[in-house]
Amino acid sequence: MAEAQDKLHGPRVLVEPQDGILPVRALIDDATSSITVKMFAFTSRVLIEGLIGAKARGVDVRVMLNPARSSGSRANDETFEQLKAAGISVLWTNPKFAVTHEKSMVIDRSTALIATFNFSDKYFTHTRDYGLVLTDPAVVREMIACFEADWHRTSFMPPFGSRLLWSTTNSRETMAKFIDEATRTMTVQHPKFSDATILDRLLAAHDRGVRVRVICGGRHGISVSDMPDTFSALRILIRAGVKVRKQHRLRLHAKLITTDAKRALVGSMNIDRSAFDLRRELGMIVEDENAVAALRRQAHADWDEGRPYEPSDPLTVQVHSEGDDAASAGLDHVDLDHE
């Protein structure tokens, strides 16, 4: 559920699918001067109509949409044309990046959304996802600076000491450092595990006595090409003594790590080499007490409801069948953004 924002720019947490699409639509409807959106997949009629309505009432709306998944499939062509026909300034995302997987929005240059979910209906109904609604001026300024750089096809470097993770600049190093700083507990809720550097950091945390727990999505939400690395990584973690469970009832699309009951890392990037090295991605380290508590509460509930998971042999994973929960049976794993 959405948590109240604290007095000093603390993030408000959105938990999907509980919170649904209306809080995101409310952000759009509250805009009075400007909206910028950078999005991997944007097909929701509710949110498209929200932006068109904002443009009609005089709000300056600019949107960048990812043109194609790495597979070549295109989700955003119709939305691009609809927004363009409504007079909204819309561009394809910066071609410097193989894919723009970022999911962000800034309202009136004062309120920002950093999300793990796309602006498509299934992410508000069938998948576990998170969003952060922020009013921290430094964070908002940094997001605006990156949006302008990508809009104008210029370079962007995050400032020293930034709490934001940007691919392809500081994301792997910042995530690794975040894991390295854990001292007692860690919960990792991610669908992909295909980066050796982060796998090494997770194993090192376990070796130094951190209680590491992993919530995975099984084979759902990842491509066939990602299955061998992900399943091998999960098997290595289990062999080392790390507990692994599979998300129950919902498909797992969230990207969340919590540590020591006081910090969280939320963002668009999977634990995936291309997410760090080839794509535009955005995440954030959260230290606000209320926001971290909300994220931990949901992750712990998902852990408690999850089931112990035994990954298949990576050499046979393509023919492995996993039972689907009724709530997600209509979503094939290839229907999520497994780019």
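In the stretch 30-43, the residues that are in the same structural domain as Trp92 (by TED's automatic domain parsing) reach residues that are assigned to a strand (DSSP E or B) and among the charged types (D, E, K, R) with C-beta atoms within less than 7 angstrom, at least six apart or across chains, in these pairs: Ser33/Asp60; Ser34/Asp60; Thr36/Arg62; Met39/Lys103; Phe40/Lys103. Right, Ala26: of a type outside the set (S, T, N, Q), under 25 Å from Gly283 (Cα atoms) and in a helix (DSSP H, G or I) or not? Spelling it out, Ala26 is indeed of a type outside the set (S, T, N, Q), under 25 Å from Gly283 (Cα atoms) and in a helix (DSSP H, G or I).
The single condition from (1) modelled with pLDDT of 95 or more; (2) more than 22 Å from Met284 (Cα to Cα); (3) of a type outside the set (Phe, Trp, Tyr); (4) outside any helix (DSSP H, G or I) that Gly72 fails is (1).
Among the residues of the stretch 116-136, count how many are within 21 Å of Leu265 (Cβ to Cβ) and either in the same structural domain as Arg297 (by TED's automatic domain parsing) or in a helix (DSSP H, G or I) (or both).
Residues that pass the stated criteria total 1.
Taking the criterion of being part of a loop (DSSP other than H, G, I, E, B) and closer than 15 Å to Ala301 by Cα, the residues of the stretch 236-259 that qualify are Gln247, His248, Arg249, Leu250, Ala254. Scan the stretch 213-233 residue by residue and report those that are at pLDDT 90 or above, in a loop (DSSP other than H, G, I, E, B) and closer than 13 Å to Asn270 by Cβ. Result: Gly217, single match. In the stretch 14-40, the residue that is surrounded by the fewest Cβ atoms within 10 Å (Cβ to Cβ) out of those that are out of contact with any helix residue (DSSP H, G or I) (no Cβ under 8 Å at 6 or more places or on another chain) and within 23 Å of Val99 (Cβ to Cβ) is Phe40. All of (1) modelled with pLDDT of 95 or more; (2) among the charged types (D, E, K, R); (3) in contact with an Asp or Glu (Cβ under 8 Å, 6 or more places away or on another chain) hold for Glu181 with one exception: (3). Residues that are among the small types (Gly, Ala, Ser) and assigned to a loop (DSSP other than H, G, I, E, B) occur at least once in the stretch 168-187.
This table checks each residue for (1) over 21 Å from the mean Cα position of the chain (by Cα); (2) touching a residue at least 12 places away in the same chain (Cβ under 8 Å); (3) over 26 Å from Tyr130 (Cα atoms).
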position	(1), (2), (3)
Ala56	yes, yes, yes
Asp60	yes, yes, yes
Val63	no, yes, no
Arg74	no, no, no
Asp77	yes, no, no
Gln82	yes, yes, yes
Pro95	no, yes, yes
Ala98	no, yes, no
Met105	no, yes, no
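Does Leu47 satisfy the criteria of being buried (at least 20 other Cβ atoms within 10 Å of the Cβ), part of a helix (DSSP H, G or I) and without any contact (Cβ under 8 Å) to a residue 40 or more places away in the chain?
Answer is no for this residue.
The values are calculated or read from the model by the stated rules, or taken from the named source; none is laboratory data. Owing to the predicted nature of the structure, the values given are computational and were not obtained by experimental measurement. Don't worry about glycine lacking a Cβ; one is built from the backbone with ideal geometry, like all the others, and counts go over all protein chains shown.
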